[in-house]
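This report concerns only the one structure given below.
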Amino acid sequence: YCELTNIVMVQDEKGNVLVQNSQNPNGYTFPGGNIELGESFVQSAIRDVKEKTGLNVEQLCLCGTKQFVTSDNCRHIVFLYKTNVFNGNKNEESHWVSLSKIHDYKLISGLDDVLDVFKELDCNELYYNAQYQLKKY
């Protein structure tokens, strides 16, 4: 079976990105979540950002994908979006941090690789094989 999810990098005009402190796994990450049946990938990403941060986002740009298979043979496909168009007030669980200083924070596993896609560093697909070795395409 397959599970579809999304992650969204929201960036402001000062070069800050919106992060959340995830409890499981522990560390900072970008907002995202599961794509529900009957909803488009973009609709899902917009909904997830609103639910997780309180912000309304628009003009999402698909940067790439991340995929891996878990021990229960579930294929996970993560759609990676970014935007700098948003309005509303963020909630207390969300924080702006400078993208250039994001490595000063504890990040969830794999977020470094996702940042390469968001920064358009010569790849738009992250694929982890059965041994969790990363291949970038």
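List the GluC sites (Glu not before Pro) within segment 24-108 that fall in a DSSP loop (any state other than H, G, I, E or B) and whose Cβ has at most 10 other Cβ atoms within 10 Å. Intermediate values should be presented prior to the final figure.
Working: sites: Glu36, Glu39, Glu51, Glu58, Glu92, Glu93; in loops: Glu36, Glu39, Glu92, Glu93.
Of the GluC sites (Glu not before Pro), the ones in loops of segment 24-108 whose Cβ has at most 10 other Cβ atoms within 10 Å are Glu92.
Per-residue HN-Hα couplings for segment 117-128, Karplus 6.51 cos²θ - 1.76 cosθ + 1.60 at θ = phi - 60°, whole Hz, x for Gly and Pro?
5, 4, 7, 6, 8, 6, 8, 9, 9, 10, 10, 9
Of the candidates Asn87, Asn56, Asn124, which one comes out as most mobile in a Gaussian network treatment of the chain with C-alpha springs shorter than 10 Å?
Asn87
Taking all protein chains as present, what is the carbon and sulfur share of the accessible area of the chain, in % to the nearest whole number, probe 1.4 Å? Intermediate results must be reported in sequence, preceding the final value.
Numbers: 3680 of 7800 Å².
With neighbouring chains kept in place, the figure for the chain is 47 percent.
Under 5 Å between amide hydrogens, which residues at least 5 positions from Cys63 or on another chain qualify, with H placed 1.01 Å from N in the peptide plane?
So Cys63 has HN proximity to Leu80, Tyr81, Lys82.
Which ³J(HN,Hα) values, rounded to whole Hz and listed in residue order, are derived for segment 7-14 from phi using the Karplus coefficients 6.51, -1.76 and 1.60 in 6.51 cos²θ - 1.76 cosθ + 1.60 with θ = phi - 60°, glycine and proline given as x?
9, 10, 9, 9, 10, 8, 6, 9
Based on the alpha-carbon gyration tensor of segment 57-137 and its eigenvalue square roots a ≥ b ≥ c, which shape applies: rounded if a/c is under 1.5, prolate if not and a/b is larger than b/c, or oblate? Walk me through the numbers on the way to the answer.
Details: a/c = 1.77, a/b = 1.67, b/c = 1.06.
Because a/c hits 1.5 or more and a/b exceeds b/c, segment 57-137 counts as prolate.
Cα centroid distance between segment 68-137 and segment 29-54, in Å?
About 14 Å separates the Cα centre of segment 68-137 from the one of segment 29-54.
Tell me, what is the per residue accessible area of the chain in Å², probe radius 1.4 Å? Display every interim value, and only then the final one.
Working: 7800 Å² over 137 residues.
Result: 57 Å² of accessible area for each residue.
The values are calculated or read from the model by the stated rules, or taken from the named source; none is laboratory data. Bear in mind the structure is a predicted one, so any value in this text is a computation, not a measurement. Neighbour counts are summed over all protein chains in view; Cβ atoms, including those assigned to glycine, are modelled from backbone coordinates with ideal geometry. The protein model used for the area step is the full one, side chains on, heavy atoms only, and it has no ligands, DNA or RNA in it. Shrake-Rupley method; radii C 1.70, N 1.55, O 1.52, S 1.80 Å.
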